[in-house]
């Protein structure tokens, strides 16, 4: 293989090219969080809690998705994704920061998760699940999610950047083990965190598909985020090593997860609709009322029916200038998905313009600071792994 | 910009192992695969074929007996209206998943190692779907009315229930079978032409010639072939998911505790791939013993990769079991909880623990590389998976029905001899068809495997070939 490839130059991002962007992001982040906090006095603590959970969950799914792709790359000993892997690592390694953003939610536990304050003997169904929905166990799970996944993603990035220096095969082998162990860890984290934080918004409701549903959205939207990051870097003159063949594969994954999301979403909806058991249908009934019905329908159309035919064509998948629009679209609909999951629990009859406007504040807040941290990671290391044993294969990729 | 040298070297321990070992060339591959068909029928083949086809015939006799006497000859009763038959239906449909997964999804994801195993797996898919189709067909009781399933009587204003997943099943399975046959046949065309060109007898040449559709291997033929193959792969991929998803709807749309759960579709698909791969290995590992030349084509690397897929899908199935158990408990629904309690500790608890051991615990041995590349160990583990996947369907179907809402309506189920021998008969059918396939068609896709050897690369330097 290596006889076909010409070694490209190693690339580091020149921080001066960013200009004032990091400051703008940091400023926007701080301002966004400040407005969110101040706004809490206007809209009330309840709305603050739900809106903040919405913003947090959106970034949680994006970063969990990146953690999945990072683990998958190593677990399958992939070749094609070597040149994009550093950016996946940069996103995934933001996971520990999410813990800091989770802390405000701990101040709102009794607002978001109603079971928190219910005394034993009041709700028979809750009494039955008390061993799981208990304060100490909830907090222990939060700690477990953050400790385990943080350890995996930071270890992966550490080994990957170390390999840039020494090129040792041992890093690849260690990362493979971390990746293989990481997949079940990521799967269980997204499942049970999804149960605790999102499904738990109505502690009576349950669906065995819930974890898979969240995973489907997370994987597709985080691959879209990677496409956007790579495309932005290419626009700045970097990552010429990423060519249309790599885009083709990223586009295929976006397509695959567009279909997979629809498959999982349809199955969950159809089975609940068909069996028509009140304790299950309650979730969809709320989301089919008032103007939520409009958003629920829009979600189906925008998350599947629109991107699906577009992503079928190579003309879109292979071209960064086209695929990036689809990527933006998918991230946008992921936002919509999480909005429709979280906010109806509070606003059962419908949402108002104010709900949407206020939701933008924590999004800008958390997003700005995460993006600022991302830029720090971006400039700290090479833009693609320089001594990965599979680099030659990735450069030579042919679909 | 750069202060570090980019390295494109690959350390020895990470070098890829070639897919075809011993640096085999094109003519060797053609000879090794074609001679299986061309040589005289070996004695072992007759030794296997005769008893297996007798078993198949006995199974068919049992079906005849059941049709002439009615479904009452089975052990099914009230409340176990579905039991052995639908267990077998789902079991065989599941087996039929690996072939199309290998040929379609692994093709689309450019997994070149599929080329050694796709042909035999696809054949297996077809035979498994044939065996599966028998069970719902004869379970309708009046088989002469089975055509009602294909909503032909609409013309007489007798409308089948289009809202019933049982009807969707008919569409799903028949579409899957049709596309799988087309896919399999399209892939066979170049290899049939090879057999035609090598044939010594005029009759054989003529027969293979008809099925080779005038294939000459021209550039135009290959272009059309590649296009057709890609389109069929694209069409087959959603079918791999849809068939077992719809089979799972048969259960999950109901409100029977233990059946109605939203994770069923992906859980059934993962289980089907899991069981399908186990059956592929069950058949291919012995085939490598009787045809030692296949050693260079179906290598330890292939077996290792299939074992990894079994481990992965087995773990997904384990995840689904966990979700089912957890949500049954979390829902605090007394019936759901009772259904799962009865699964584990009720009348058929032994079947549940067989399932858990075979599907979740035993495949974990595949974490150990030594076991993944040890053919005997792989074969033994695959037998556990085969058994486990049968038990899974039995557990889902029978434990949920036998002990449902009201203890007064509970009822035991045990299979009658007719059911047992019908199921045994389908193994006879499946294996006899596979033996026939081995004798008359190239069981490895020669034309495809040639594309993955170094010789196929235009930049290949023969002196460095390994």
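The values are calculated or read from the model by the stated rules, or taken from the named source; none is laboratory data. Small disclaimer: the values here were computed from a predicted structure and weren't measured. Reconstructed Cβ throughout: ideal geometry from the backbone, glycine too, with neighbour counts over all protein chains shown.
Assorted remarks:
- Only one of the numbered conditions (1) in a helix (DSSP H, G or I); (2) under 30 Å from residue B:446 (Cβ atoms) is not met by residue B:298, and that is (1).
- Checking the stated criteria, residue A:72 turns out to be farther than 19 Å from residue A:167 by Cα, within 14 Å of chain B (Cβ to nearest Cβ) and buried (at least 16 other Cβ atoms within 10 Å of the Cβ).
- Odd one out for residue A:231, checked against (1) under 21 Å from residue A:339 (Cα atoms); (2) not in a loop (DSSP other than H, G, I, E, B): (1)
- Filter pass, residue A:14 being within 14 Å of chain B (Cβ to nearest Cβ), more than 28 Å from residue A:149 (Cβ to Cβ) and either surrounded by 20 or more Cβ atoms within 10 Å (Cβ to Cβ) or at pLDDT below 95 (or both): yes
- Which listed residue, of A:285, A:338, is over 30 Å from residue B:165 (Cβ atoms), part of a helix (DSSP H, G or I), more than 14 Å from chain B (Cβ to nearest Cβ) and modelled with pLDDT of 95 or more: A:338
- Of all residues making up the stretch B:335-368, the number that are under 23 Å from residue B:95 (Cα atoms) and not in a helix (DSSP H, G or I): 0
Residues checked against (1) farther than 27 Å from residue B:260 by Cβ; (2) at pLDDT 95 or above; (3) surrounded by 19 or more Cβ atoms within 10 Å (Cβ to Cβ):
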{"site": "B:286", "(1), (2), (3)": "yes, no, no"}
{"site": "B:298", "(1), (2), (3)": "yes, no, yes"}
{"site": "B:301", "(1), (2), (3)": "yes, no, no"}
{"site": "B:329", "(1), (2), (3)": "no, yes, no"}
{"site": "B:346", "(1), (2), (3)": "no, no, no"}
{"site": "B:354", "(1), (2), (3)": "no, yes, yes"}
{"site": "B:357", "(1), (2), (3)": "no, yes, no"}
{"site": "B:373", "(1), (2), (3)": "yes, no, no"}
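- Among residues of the stretch B:233-259, those that are more than 10 Å from chain A (Cβ to nearest Cβ) and outside any helix (DSSP H, G or I), counted: 2
- The condition of being within 30 Å of residue A:51 (Cβ to Cβ), under 27 Å from the mean Cα position of the chain (by Cα) and within 13 Å of chain B (Cβ to nearest Cβ) holds for residue A:115.
- Residue A:60 vs. criteria surrounded by fewer than 24 Cβ atoms within 10 Å (Cβ to Cβ), closer than 15 Å to residue A:362 by Cα, touching a residue at least 40 places away in the same chain (Cβ under 8 Å) and in contact with a helix residue (DSSP H, G or I) (Cβ under 7 Å, 6 or more places away or on another chain): no
- Qualifying position, being away from chain A (no Cβ under 14 Å) and touching a residue at least 12 places away in the same chain (Cβ under 8 Å), among B:206, B:229: B:229
- Among residues of the stretch B:436-455 being surrounded by 17 or more Cβ atoms within 10 Å (Cβ to Cβ) and either part of a helix (DSSP H, G or I) or at positive phi (or both), the one that is farthest from the chain's Cα centre (by Cα) is B:454.
- A single entry from A:295, A:306, A:323 fulfils the requirement of being at pLDDT 95 or above, within 21 Å of residue A:214 (Cα to Cα) and surrounded by 19 or more Cβ atoms within 10 Å (Cβ to Cβ): A:295.
- For the stretch A:224-238, a residue qualifies if it is away from every other protein chain (no Cβ under 14 Å) and without any contact (Cβ under 8 Å) to a residue 24 or more places away in the chain, and the qualifying residues are A:232, A:235.
- A single member of B:211, B:135 is farther than 17 Å from residue B:236 by Cα and surrounded by fewer than 16 Cβ atoms within 10 Å (Cβ to Cβ), and it is B:211.
- Filter result (more than 8 Å from chain A (Cβ to nearest Cβ), under 30 Å from residue A:9 (Cα atoms) and either free of Cβ contacts under 8 Å to residues at least 24 places away in the same chain or in a helix (DSSP H, G or I) (or both)) within the stretch B:13-42: B:15, B:16
- Test for residue B:371: is it touching a helix residue (DSSP H, G or I) at 6+ places or on another chain (Cβ under 6 Å) and part of a helix (DSSP H, G or I): yes
- Residue match in the stretch B:170-185 (condition: surrounded by 15 or more Cβ atoms within 10 Å (Cβ to Cβ), within 23 Å of residue B:92 (Cβ to Cβ), touching a helix residue (DSSP H, G or I) at 6+ places or on another chain (Cβ under 7 Å) and without any contact (Cβ under 8 Å) to a residue 40 or more places away in the chain): yes
- Every residue from the stretch B:89-118 that is crowded, with 24+ Cβ neighbours inside 10 Å and closer than 14 Å to residue B:241 by Cβ: B:93, B:94, B:96, B:97, B:98, B:100, B:101, B:104
- When we screen A:112, A:94, A:106 for residues that are over 30 Å from residue A:171 (Cβ atoms) and crowded, with 18+ Cβ neighbours inside 10 Å, the only hit is A:112.
- Of the residues screened, residue A:44 is one that is free of Cβ contacts under 8 Å to residues at least 12 places away in the same chain, more than 14 Å from every other protein chain (Cβ to nearest Cβ) and surrounded by fewer than 16 Cβ atoms within 10 Å (Cβ to Cβ).
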